[in-house]
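The values are calculated or read from the model by the stated rules, or taken from the named source; none is laboratory data. Given the structure is predicted, the values throughout are model-derived calculations rather than measurements. FYI the Cβ positions are ideal-geometry reconstructions off the backbone, even for glycines, and counts take in every protein chain you see. Heads up: the accessible areas ignore ligands, DNA and RNA and are worked out on the full protein's heavy atoms, side chains in. Shrake-Rupley method; radii C 1.70, N 1.55, O 1.52, S 1.80 Å.
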Amino acid sequence: MSRTKDTSFIFILAGMIALVLGLIFGSIGAFQMIIPNFLPEIPFFKARPLHVSLVVAWIFLIAIGGIYHYVPKYLGLKWHSNKLIKIHLWIFFGTGILIILSYLNGKFGGREYWEFPPIFAIPILFSWLLFAYNFYKTIFRKKQSWPVYIWMWASGIAFFFITFLEANSWIFDYISGNIVREITIQWKAYGALVGSWNLLVYGTAIFIMERIGKNTKLALSKTAFLLYFLGLTNLIFGWAHHTYVVPSASWIRYVAYGVSMSELLILGKIIWDWKKSISTAQKHFHLLPYRFLFASDIWVFLNLILALLMSIPGINILSHGTHITVAHAMGSTIGINSMILLSSVFYILKGDHNQSRYLRFSKSVHSGFWLLNISLAFFWLSLLMAGVGKAMSSSSMNFQEMMLKIEPYLTGFAYSGIGILIGLLLILIPAIISLRYRYQDERISL
Amino acid sequence: MEPMNKVHKRWIFWSLILSFFIYSFVVYTSGTEFPKNSKQFTSEAKLGKDTFQKYNCISCHQIFGLGGYMGPDLTNVISDEHRGENYAKAFLLTGTERMPNFQMSDTELGAIIAYLKYIGNTVEYPVKNSTTTWYGTIETKSDE
Ligand code: HEM
């Protein structure tokens, strides 16, 4: 049997580099909010898309890299084709570089979140098809009952494809000739898009928990599947809480409101399991992969409360269009998604070995963990306060007066962002160095 | 821990997938019909939309509250009695300390204004004069 190097490590490395770059552009953007002529070479309309695209790339690269790594190593399934993995990597990587260059050159598609020229959607979709084909070909060989995380990965991959097509549907006049339809469909697609990467990321969290807790029953249980179906229902029907103010049919809003409130069940479950979570935490807290999962649980709790509140139309009318939305977006992508993905990075690093075997500079990682979480708390609160300040401004106040009023909070936001940047560097630099040693030792069979 | 029944799993899953497609179809058609709107999307407004995207205005501005937060929401910038066409043009022609001057041509400028005018005719945002019901929903004048 021949053996080869594991390509998934390159995805992980690329993901970490994307995050470092993304954080730098995010910080530039934040300081531009408070200092008008800060770094004119990279104006805000370039810094913001660079930030958002790079951090979204981090989420996808680590989630995908994890799946490529875990499936053959722990589920006993050889990939249908290792060559397709390499092709996927290089198309994704090449497109990423081109997108960065086009932003730097001021060439935009100008859509919120996917601000790149729409032509780049084609290679992204193509490489995703390769990933999907390879994944399904491989996974359908598994005859025993699938644990819930395989369902989550399988449906996350399919939904990304559908919603990415939907997000680009504005190129047709049927959609963009009617602003109500255009905005509604755009946020339908984005809601489901975030839902689809959440399926990939939460699936990864359940997988790691199964490995750490050595309990395979959990991922086959009724509770796990009911929570998964609840997530899927929210992905399909819950998105319209982004568009309460858009004059589409009112039943769209009622459906979204009702469905969003079903997430109260998740909140209830967290509170119900509280004691159990604490005792598990005491047992495993020394393990870095566990520690990041534990942090993500706390951020789930906080962000879920915020999300539930924001989904109530009577509150949304105030919070919509303010920095409360940014607090929600970054609170979840950093606090929940990135914590889980860091857990995955350290789980891959650890493998079946003792944690210290490959991990270098572990002291730095531990300090980084605390700095990251404490800074994130300040970051999140500053954005919430800025949002409340904006929501509470009287309508007679003009935009400049309102911005002046919330400037102290935006300053807090920018400086705590530096805390996040440093905290993450303390974590990522050791991880990148350690990954090298791990990569040299790892071979997968063809 | 009880494992979930295989048949139930498949049933729930495929019903959800089916409802996704049905719901999408309804949203794409009757859910987003807005007859008042379709005629106003002139070719000039369409050019304005392309220009709006070309200069990535959405990175700093919001439409219906959605977008970046460096600058103000532009949904009603033309239809608002305190702002209006000339006010918007002034910003676009000179830029400000925070907003770049894009040096756009007259055609592009006119087109962007036409596009913003078209958006502003759909709805009032931020919503004024609304009441909240006890179960959390909103009632506005336009619902009546
Ligand atoms: C893992 C780390 C991070 C992730 C995943 C992340 C993700 C995101 C996302 C998804 C958005 C779009 C939010 C929206 O429009 O509602 C965003 C916006 C932004 N982020 Fe981050 N972010 C991260 C860290 C940071 C840091 C450290 C800073 C620096 C202070 C920062 C500064 C910004 C700024 C300035 C915006 C634009 C907000 C606006 O439009 O007003 N981000 N980020």
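Scanning the stretch A:348-386 for residues that are touching a Lys or Arg at 6+ places or on another chain (Cβ under 7 Å) and assigned to a helix (DSSP H, G or I), we see that the one that is farthest from the ligand (Cβ to nearest atom) is A:LEU349.
Applying a threshold of 6 Å to beta carbon distances and a minimum spacing of six or more residues, or different chains, the list of pairs starting in the stretch B:22-33 at a residue that is within 8 Å of chain A (Cβ to nearest Cβ) and ending at one that is surrounded by 15 or more Cβ atoms within 10 Å (Cβ to Cβ) and assigned to a helix (DSSP H, G or I) reads B:GLY31/A:ILE252; B:THR32/A:VAL180; B:THR32/A:ARG181; B:THR32/A:THR184. Restricting attention to the stretch A:317-327, the residues that are over 11 Å from A:LEU383 (Cβ atoms), open to solvent by 10 Å² or more (accessible area, probe 1.4 Å) and more than 8 Å from chain B (Cβ to nearest Cβ) add up to 1.
Of all the numbered requirements in (1) in contact (Cβ under 8 Å) with a residue 12 or more places away in the chain; (2) open to solvent by less than 60 Å² (accessible area, probe 1.4 Å); (3) within 30 Å of A:VAL326 (Cβ to Cβ), A:LEU264 misses one, and that requirement is (2). With respect to the conditions (1) within 7 Å of another protein chain (Cβ to nearest Cβ); (2) part of a helix (DSSP H, G or I); (3) in contact with a Leu (Cβ under 7 Å, 6 or more places away or on another chain), B:LYS89 falls short on a single one, namely (1). Only one of the numbered conditions (1) crowded, with 21+ Cβ neighbours inside 10 Å; (2) modelled with pLDDT under 90 is violated by A:TRP274, and that is (1).
Out of all the residues in the stretch A:172-184, is one or more part of a helix (DSSP H, G or I) and touching an Asp or Glu at 6+ places or on another chain (Cβ under 7 Å)? Looking for residues that are part of a helix (DSSP H, G or I) and touching an Asp or Glu at 6+ places or on another chain (Cβ under 7 Å), one finds at least one in the stretch A:172-184, hence yes. Would you mind stating whether A:LEU425 is in a helix (DSSP H, G or I), more than 14 Å from chain B (Cβ to nearest Cβ), touching a helix residue (DSSP H, G or I) at 6+ places or on another chain (Cβ under 8 Å) and within 16 Å of the ligand (Cβ to nearest atom)? Yes.
Here A:ILE24, A:ILE42, A:ILE28, A:ILE62 are screened, and the one residue that is part of a helix (DSSP H, G or I) and more than 10 Å from the ligand (Cβ to nearest atom) is A:ILE62.
Of all positions in the stretch A:390-401, at least one carries a residue that is crowded, with 16+ Cβ neighbours inside 10 Å and part of a helix (DSSP H, G or I).
Taking the listed residues B:PHE34, B:PHE21, the one that is open to solvent by 10 Å² or more (accessible area, probe 1.4 Å) and in contact with a helix residue (DSSP H, G or I) (Cβ under 6 Å, 6 or more places away or on another chain) is B:PHE34, with no other qualifying.
Of everything listed in (1) within 16 Å of the ligand (Cβ to nearest atom); (2) assigned to a helix (DSSP H, G or I); (3) surrounded by fewer than 18 Cβ atoms within 10 Å (Cβ to Cβ), the single unmet condition for A:LEU101 is (1).
For the stretch A:230-243, a tally of residues being aromatic (Phe, Trp, Tyr) and at the interface with chain B (Cβ under 7 Å from one of its Cβ atoms) returns 1. Within the stretch A:118-130, one or more residues are within 11 Å of chain B (Cβ to nearest Cβ), of a type outside the set (Lys, Arg), open to solvent by 30 Å² or more (accessible area, probe 1.4 Å) and on the phi < 0 side of the Ramachandran plot. As a summary of the residue check, B:PRO72 satisfies the conditions (1) under 24 Å from A:GLU407 (Cα atoms); (2) surrounded by fewer than 20 Cβ atoms within 10 Å (Cβ to Cβ); (3) more than 13 Å from the ligand (Cβ to nearest atom) except for the one numbered (3).
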